[in-house]
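K.L.:
Quick one: structure below, then a few questions.
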Amino acid sequence: MTDRVLLVDDDRAVREALGQTLELAGLRPILASSYIEAKDHISTQFQGIVVSDIRMPGKDGFALLDHARKVDADLPVILLTGEGDVPMAVKGMTGGAFDFIEKPCSPSDFLAVVGKALKTRALVLENRALKREIRQGDAAARMLVGTSALSEQMREAARAAARTSAEVLISGPPGAGTAKMAEVIHLLSAAAMRPFQKISAASAAPDTLAVAFERAEGGSIFLDEVAVLPPAAQFALLDLIDAHPGTRVIAGTYRDLAGEAAAGRFNPDLFYKLDVIRVRIPALKERPEDIPVLFRHYVALACEQSDLPMPAITPETIAGLMAEDWTGNARALMNAAMRFAMGLSESHEDEGETGLAGQMARVERSLLIEALTRHGGNATEAAAALRLPRKTFYDKLTRHGIRPEDYRS
Ligand SMILES: Nc1ncnc2c1ncn2[C@@H]1O[C@H](COP(=O)(O)OP(=O)(O)OP(=O)(O)O)[C@@H](O)[C@H]1O
């Protein structure tokens, strides 16, 4: 929301009176008494405008106007002038001020000028956000990394959920990215500029939930692992959802919530309230093509963050990664990437698996899993896809300890 007004005046009485006027109008003033105090609030992302007195001890309002124009030429600065100070006002306008207001002025005149400037600012920020989005792709493309068809389905699901304001239930194994998905849905939604609150359900008391709803008003609340929400908090959540229709609840779970409700371990009314839009995050082993992509992404990120040179990622490293089960999903892979970037990755040499035979076995294993996943656990179809006789296929499954039923969709 573009509702901030950086109000700069060395006269405390004026500052407080105008500040109150702004607050009464539902705006969020930041009061400053000098150039120095005001300066650091000014940035290209500033969600508001500047109103500054011209005459101040030290650097004056013109200096602040100059500074603001240098940081962000599209940031409206309104100057406050003394009564009849026309030459000052003219100087301000030629210096790029948005408008000027003569002191003393009525609250309605003051708010009219401020309102116009805020509207201009909102349009500029919105335009920039749109341009950024066009340049970088949307939040789903940027934040949900992966090239598999399942990844693309995930991004589409995020976009579809974001187009509505209904409750969302995200299911997925631990570490697979439920929290990330919730954030993406929020960022793509019409409430993107409102707050996003994340709560861990296991420790959530009714009071914690009430505070979160207050803070997130108009935005989204993400409840991590909602199945373990204590019973009292489950009741409170039902009421809070009804009392805050403008705030969206996005719940994450790695348990079967319908099953939990049927077994009497989860409030069924709450289940139905949350189960409006379903988004499933597949485990990493269901989309092995994403493993190298995610790994490279996080190695590059870790190197950038720690100012390290990007290490070479050899086909052997990739083969090793592909052969792992990744029960810890994206989180575990991300940690492995961080360790790798820092040269701390564990060596498999002791396991005697780095030779050609070991690497081929790992690749073979990942291909078998991939085929089973793609064919929903159907061994006949998976064997046909790999052009293997069924018997050979089953022998290989046994050798690798793979069970087709684990991949049934
Ligand atoms: N598709 C993805 N692209 C990029 N990063 C991802 C993706 N999925 C998950 N991650 C990253 O993996 C880590 C784990 O994701 P997240 O915290 O969302 O998982 P979670 O399912 O909520 O885990 P848990 O419930 O166990 O905390 C995060 O750092 C997240 O940024």
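K.L.:
Going through Leu79, Leu31 one at a time, which residue ends up being closer than 20 Å to Thr120 by Cα, touching a helix residue (DSSP H, G or I) at 6+ places or on another chain (Cβ under 7 Å) and either surrounded by 14 or more Cβ atoms within 10 Å (Cβ to Cβ) or of a type in the set (S, T, N, Q) (or both)?
P.N.:
None of the other options fit; the residue is Leu79.
K.L.:
Which of the residues spanning segment 93-113 are touching an Asp or Glu at 6+ places or on another chain (Cβ under 9 Å) and open to solvent by less than 30 Å² (accessible area, probe 1.4 Å)?
P.N.:
Gly96, Ile101, Val113
K.L.:
Based on this model, can you work out whether Arg296 counts as out of contact with any Cys (no Cβ under 8 Å at 6 or more places or on another chain), away from the ligand (no atom under 11 Å from the Cβ), in a helix (DSSP H, G or I) and open to solvent by 50 Å² or more (accessible area, probe 1.4 Å)?
P.N.:
On the way: out of contact with any Cys (no Cβ under 8 Å at 6 or more places or on another chain): yes; away from the ligand (no atom under 11 Å from the Cβ): yes; in a helix (DSSP H, G or I): yes; open to solvent by 50 Å² or more (accessible area, probe 1.4 Å): yes.
Yes.
K.L.:
Here is a further query. Which pairs do you get when a residue that is of a type in the set (Gly, Ala, Ser), found in segment 134-160, comes within reach of a residue that is open to solvent by 70 Å² or more (accessible area, probe 1.4 Å), reach meaning Cβ atoms under 9 angstrom, with the pair 6+ apart or on two chains?
P.N.:
Ala139/Glu133; Ala139/Glu183; Ala140/Glu156; Gly146/Glu152; Ala149/Arg374; Ala157/Arg278; Ala157/Arg280
K.L.:
Right, Leu64: open to solvent by less than 80 Å² (accessible area, probe 1.4 Å), over 33 Å from the mean Cα position of the chain (by Cα) and touching a residue at least 40 places away in the same chain (Cβ under 8 Å) or not?
P.N.:
Working: open to solvent by less than 80 Å² (accessible area, probe 1.4 Å): yes; over 33 Å from the mean Cα position of the chain (by Cα): yes; touching a residue at least 40 places away in the same chain (Cβ under 8 Å): yes.
It is true that Leu64 is open to solvent by less than 80 Å² (accessible area, probe 1.4 Å), over 33 Å from the mean Cα position of the chain (by Cα) and touching a residue at least 40 places away in the same chain (Cβ under 8 Å).
K.L.:
Part of a loop (DSSP other than H, G, I, E, B), closer than 30 Å to Gly377 by Cα and either more than 16 Å from the ligand (Cβ to nearest atom) or modelled with pLDDT under 95 (or both): which single residue out of Pro288, Pro309 fits that description?
P.N.:
Of Pro288, Pro309, the one residue that is part of a loop (DSSP other than H, G, I, E, B), closer than 30 Å to Gly377 by Cα and either more than 16 Å from the ligand (Cβ to nearest atom) or modelled with pLDDT under 95 (or both) is Pro288.
K.L.:
Further, regarding this structure: Within 39 Å of the chain's Cα centre (by Cα), surrounded by fewer than 23 Cβ atoms within 10 Å (Cβ to Cβ) and not assigned by TED's automatic domain parsing to the domain that holds Ala191: is that true of Glu16 in this structure? Steps first, please.
P.N.:
Numbers: within 39 Å of the chain's Cα centre (by Cα): yes; surrounded by fewer than 23 Cβ atoms within 10 Å (Cβ to Cβ): yes; not assigned by TED's automatic domain parsing to the domain that holds Ala191: yes.
It is true that Glu16 is within 39 Å of the chain's Cα centre (by Cα), surrounded by fewer than 23 Cβ atoms within 10 Å (Cβ to Cβ) and not assigned by TED's automatic domain parsing to the domain that holds Ala191.
K.L.:
Give all pairs with beta carbons closer than 9 Å in which a residue from segment 1-21 that is closer than 23 Å to Ser43 by Cα and without any contact (Cβ under 8 Å) to a residue 40 or more places away in the chain meets a residue that is crowded, with 18+ Cβ neighbours inside 10 Å and aliphatic (A, V, I, L, M); count only pairs at least 6 apart in sequence or on separate chains.
P.N.:
These pairs meet every condition: Arg15/Leu7; Arg15/Val8; Arg15/Ala32; Gly19/Val5; Gly19/Leu7.
K.L.:
Another question, then. Does Ser203 qualify as being within 25 Å of the chain's Cα centre (by Cα), open to solvent by 60 Å² or more (accessible area, probe 1.4 Å) and farther than 30 Å from Glu324 by Cα?
P.N.:
Judged against the criteria, Ser203 is a match.
K.L.:
Take segment 35-54 and flag every residue that is more than 21 Å from Pro195 (Cα to Cα) and open to solvent by 30 Å² or more (accessible area, probe 1.4 Å).
P.N.:
Hits for segment 35-54 are Ile36, Glu37, Lys39, Asp40.
K.L.:
Next up: Out of segment 161-186, which residues are more than 8 Å from the ligand (Cβ to nearest atom), within 13 Å of Arg280 (Cα to Cα) and open to solvent by 10 Å² or more (accessible area, probe 1.4 Å)?
P.N.:
Scanning segment 161-186 gives Leu169, Ser171.
K.L.:
Follow-up. Determine whether segment 232-249 contains at least one residue that is within 15 Å of the ligand (Cβ to nearest atom), closer than 27 Å to Gly328 by Cα and hydrophobic (A, V, I, L, M, F, W, C). Write out each step before concluding.
P.N.:
Initial filter on segment 232-249 (within 15 Å of the ligand (Cβ to nearest atom)): none.
Checking segment 232-249: not a single residue is within 15 Å of the ligand (Cβ to nearest atom), closer than 27 Å to Gly328 by Cα and hydrophobic (A, V, I, L, M, F, W, C).
K.L.:
Ala283 versus (1) touching an Asp or Glu at 6+ places or on another chain (Cβ under 6 Å); (2) within 16 Å of the ligand (Cβ to nearest atom); (3) open to solvent by 10 Å² or more (accessible area, probe 1.4 Å): which is the lone unmet condition?
P.N.:
Unmet condition: (1).
K.L.:
Still on this structure: Here's a check for you: in segment 255-269, which residue that is of a type outside the set (A, V, I, L, M) and crowded, with 18+ Cβ neighbours inside 10 Å is farthest from the ligand (Cβ to nearest atom)?
P.N.:
If we filter segment 255-269 for residues that are of a type outside the set (A, V, I, L, M), which is where we start, we get 255-256, 259-260, 264-269.
Remaining after also requiring crowded, with 18+ Cβ neighbours inside 10 Å: 260, 266-267.
Values: Glu260: 16, Phe266: 17, Asn267: 21 Å.
The selected residue is Asn267.
K.L.:
Count, please, the residues in segment 188-225 that happen to be over 19 Å from Thr253 (Cβ atoms) and either modelled with pLDDT of 95 or more or more than 16 Å from the ligand (Cβ to nearest atom) (or both).
P.N.:
Filtering segment 188-225 down to residues over 19 Å from Thr253 (Cβ atoms) leaves 188-195, 205-207, 210-211, 213-219.
Next, from what is left, pick out any that are either modelled with pLDDT of 95 or more or more than 16 Å from the ligand (Cβ to nearest atom) (or both): 189-195, 205-207, 210-211, 213-219.
Residues flagged as over 19 Å from Thr253 (Cβ atoms) and either modelled with pLDDT of 95 or more or more than 16 Å from the ligand (Cβ to nearest atom) (or both) within segment 188-225 amount to 19.
K.L.:
Can you tell me how many residues within segment 316-337 are within 16 Å of the ligand (Cβ to nearest atom) and over 14 Å from Gly175 (Cβ atoms)?
P.N.:
Adding up the residues that qualify gives 1.
K.L.:
Let me ask something else. Which count do you get for residues in segment 131-142 that are within 10 Å of the ligand (Cβ to nearest atom) and either farther than 30 Å from Leu240 by Cα or touching a Ser or Thr at 6+ places or on another chain (Cβ under 8 Å) (or both)?
P.N.:
So the answer is 1.
The values are calculated or read from the model by the stated rules, or taken from the named source; none is laboratory data. Given the structure is predicted, the values throughout are model-derived calculations rather than measurements. No Cβ is skipped: glycine too gets one built from the backbone with ideal geometry, and neighbour counts run over all protein chains shown. SASA here: full protein model, heavy atoms, side chains in, ligands and nucleic acids out. Shrake-Rupley method; radii C 1.70, N 1.55, O 1.52, S 1.80 Å.
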